[in-house]
Each structure stands twice: as structure tokens, then as C-alpha cells.
1. Please specify each residue of region 97-123 satisfying the condition of being surrounded by fewer than 21 Cβ atoms within 10 Å (Cβ to Cβ) and touching a Leu at 6+ places or on another chain (Cβ under 8 Å).
2. With the requirement that a residue be part of a loop (DSSP other than H, G, I, E, B), open to solvent by 20 Å² or more (accessible area, probe 1.4 Å) and in contact with a Ser or Thr (Cβ under 7 Å, 6 or more places away or on another chain), what does region 230-266 give you?
3. Any chance region 17-32 includes a residue that's over 25 Å from residue 260 (Cα atoms), touching a residue at least 60 places away in the same chain (Cβ under 8 Å) and aliphatic (A, V, I, L, M)?
4. Among (1) over 19 Å from residue 129 (Cα atoms); (2) at pLDDT 95 or above, which single condition is residue 35 missing?
5. Would you check if there is a residue in region 36-43 being within 20 Å of the chain's Cα centre (by Cα), on the phi > 0 side of the Ramachandran plot and among the hydrophobic types (A, V, I, L, M, F, W, C)?
6. Going by the structure shown, is residue 288 in contact with a Pro (Cβ under 7 Å, 6 or more places away or on another chain), within 19 Å of residue 91 (Cα to Cα) and in contact (Cβ under 8 Å) with a residue 40 or more places away in the chain?
7. Could you check region 34-61 and list, in sequence order, the residues that are in contact with a strand residue (DSSP E or B) (Cβ under 8 Å, 6 or more places away or on another chain) and farther than 19 Å from residue 158 by Cα?
8. Name the pairs: first residue in region 49-64 and within 26 Å of residue 105 (Cβ to Cβ), second residue assigned to a strand (DSSP E or B) and small (Gly, Ala, Ser), Cβ to Cβ under 6 Å, at least 6 apart or on different chains?
Amino acid sequence: MKNDPLVTVATNLPAWGRSEKELWLSKQVIKRSYAVEVLSKIKALSESFDIVQYGELSIDAERYPLFIAKNKHWCEDARTILVTGGVHGYETSGVQGALRFLQNEALAYTKSYNIVVAPCVSPWGYETINRWNAQCIDPNRSFNKEGNSEEAVLLMAAIRLLNADIQLHMDLHETTDTDNSEFVPAKDARDGTVTAYSETPDGFYLVGDEDINSDELFAFILKKVAQVTHIAPEDEHGCIIGTPITQYGVINYPVKALGLCAGFSNAQFNCTTEVYPDSARADDETCILAQVIAVKAAIEFIS
């Protein structure tokens with residue numbers, strides 16, 4: 001597997017073993033409610049969509065059931081739009097943006113498409129505000145055959161069962177100040193590595209698949225999103241989070257090689273959104289709206 005685009009080098013420091021991972025887990029606490037903030041909203045949509053449970057997390061099966069919402073009248077010949085949120089559970093607008101799309105927008109598109117939304121792929125991460133799952137695994141590096149995150153494995157199996165022709169996959173994310181202050185240091189401690197510092201981008205940006213030319217799609221999405229929030233500029237080196245831009249507000253990754261969620265569906269187009277909720281120029285509602293507008297713009301472009 002290729003390394004992450006961020007510059008990370010090995011050191012002589014020991015990587016975490018079982019005891020260190022157990023110690024990390026023992027320090028995690030519940031900070032918000034998946035049942036109140038997510039499950040109640042999903043279940044309220046049952047008159048408009050089929051709400052399908054596709055699994056549960058082993059850490060607490062009763063507390064963390066996993067759901068997708070999809071068309072009530074599924075058409076085998078229709079193209080499919082897949083929207084995923086909360087692959088990194090701590091990235092709030094990914095979850096709430098996917099739910100808002102379901103609540104306010106998705107039904108109108110079911111006349112032309114099959115719509116599938118997995119609004120909170122990592123509910124334990126949502127409640128504890130973590131990037132990792134309870135096993136110290138990053139779900140968004142596990143969407144491949146080698147992946148050992150149950151969040152990723154369960155979602156891949158659920159989507160595979162649909163046997164759908166997925167034309168577009170939108171995976172909704174955030175980049176936060178805690179990426180640098182908490183996640184990168186924890187990752188380096190876990191792996192015995194050192195990662196070069198990369199400035200947190202102030203604004204909305206997109207991560208594309210280096211194997212798919214999506215330049216026109218991404219330009220269209222950013223033009224729409226710019227109506228509600230600012231687009232992240234590149235740094236002095238022409239990069240966003242250590243990766244050279246391909247156009248304003250866009251970087252590309254080897255999404256399949258990295259095991260990113262956006263790549264597993266083999267969609268004709270895939271896109272990872274990133275908003276910056278810690279910006280002085282944005283708030284929670286702005287971030288949610290930006291996620292919804294990005295999904296709507298992508299569907300408009302391919303229609």
C-alpha cells in the first residue's frame with residue numbers, strides 16, 4: 001500500500017502494542033449521543049426511505065446499530081448515487097450533512113436515481129469524537145481487501161449486496177484543528193513515526209481520485225459551494241495538507257491504494273469533501289450546508 005501523502009518517516013521509537021491500545025481506549029469517554037443526534041433522525045425518515053440495518057459494532061451492538069437509507073422503489077436499471085458520512089466519526093458535518101441531504105433533498109432525486117445514504121459509518125467515533133475506531137484503526141484507511149476496520153468491512157458488504165451501478169460516490173469529511181493537535185501526534189505515537197507539520201487549510205476543499213479525471217466536476221462543485229462558504233487556498237508551497245493542488249481547492253490521492261472510503265464503490269466519479277469547522281469565517285450550519293450543496297452540485301453535474 002502506498003503511504004499517505006503527508007510526509008511520515010519511521011523512527012526508532014516503538015509502535016503501540018496491545019497494552020498501549022487498551023490504555024488509549026480506557027481514556028475515551030462518551031461526549032454526545034448517537035441515538036439522539038443520528039438514530040432518531042434516520043428513523044424519522046422511514047416513511048420516505050427504506051431504512052436498512054446492515055450491522056452493528058462489536059464494542060456495543062445495542063448502542064451502535066448501523067443503517068443505510070435507500071429508495072423505497074428500487075430500480076435495478078437506474079444509476080445509483082452513494083453518499084457516506086461519518087467515516088471519521090468526529091467530523092460532525094459529514095454526518096449531519098448526509099442526514100440533511102436525506103431530510104431535505106434526496107427524495108426529489110429518486111425519480112431519476114437510486115439513492116443510498118450511510119450517514120454515520122463510525123458511530124462509536126461519533127460519540128467519543130474520534131478519528132479512529134475503538135481498536136485504534138482509522139476506518140478511512142480500511143476500505144480494501146486488507147482492511148481490518150469492522151466499520152469499513154460492514155459497509156462494503158452492505159453496498160456489495162445492492163449490486164448497484166454506482167455512478168457517483170460522495171464521501172463527506174472535515175479537516176479540523178484537532179487533526180494537528182490530537183490525531184497526528186496520536187498516530188505517530190501509535191506507529192512509532194514522525195509526520196511533518198502541514199498547515200490546516202482554512203476553507204472547503206475537495207479530494208479526488210488520481211485515477212479519475214474529475215476536473216470539470218470539481219470546478220462545478222466548488223463554484224456552487226463558494227456561494228455559501230470560502231474555498232481553501234493552497235499554502236506557500238502550492239499544497240493543501242502537504243499535497244500539490246490540481247486546481248484551486250482540489251488535491252488528488254491514490255484513493256484505492258490508501259483504502260479510502262470514496263474508492264471502494266468503483267463509482268464512475270468519486271469525491272471526498274472537506275470543510276473547516278474551526279474557521280473564523282464559518283459555523284456548524286455553514287459546514288452542513290456546504291456538504292449538502294456539494295452533493296446537490298455533483299448530482300446536477302452528472303445529470
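1. 103
2. Once the filter is applied, which keeps residues that are part of a loop (DSSP other than H, G, I, E, B), open to solvent by 20 Å² or more (accessible area, probe 1.4 Å) and in contact with a Ser or Thr (Cβ under 7 Å, 6 or more places away or on another chain), region 230-266 yields 241, 242.
3. yes
4. Going through (1) over 19 Å from residue 129 (Cα atoms); (2) at pLDDT 95 or above one by one, residue 35 breaks only (1).
5. Checking region 36-43: not a single residue is within 20 Å of the chain's Cα centre (by Cα), on the phi > 0 side of the Ramachandran plot and among the hydrophobic types (A, V, I, L, M, F, W, C).
6. no
7. Listed by number, the list holds a single entry, 45.
8. As it stands, the answer is 49/69; 51/69, since those pairs meet every condition given.
The values are calculated or read from the model by the stated rules, or taken from the named source; none is laboratory data. Note that the coordinates shown come from a computational prediction; the quantities given were computed from them, not determined experimentally. Quick reminder, even Gly has a Cβ in these numbers, built from the backbone with ideal geometry, and neighbours come from all protein chains shown. Just the protein is used for accessible areas: all its heavy atoms, side chains included, with ligands, DNA and RNA removed. Shrake-Rupley method; radii C 1.70, N 1.55, O 1.52, S 1.80 Å.
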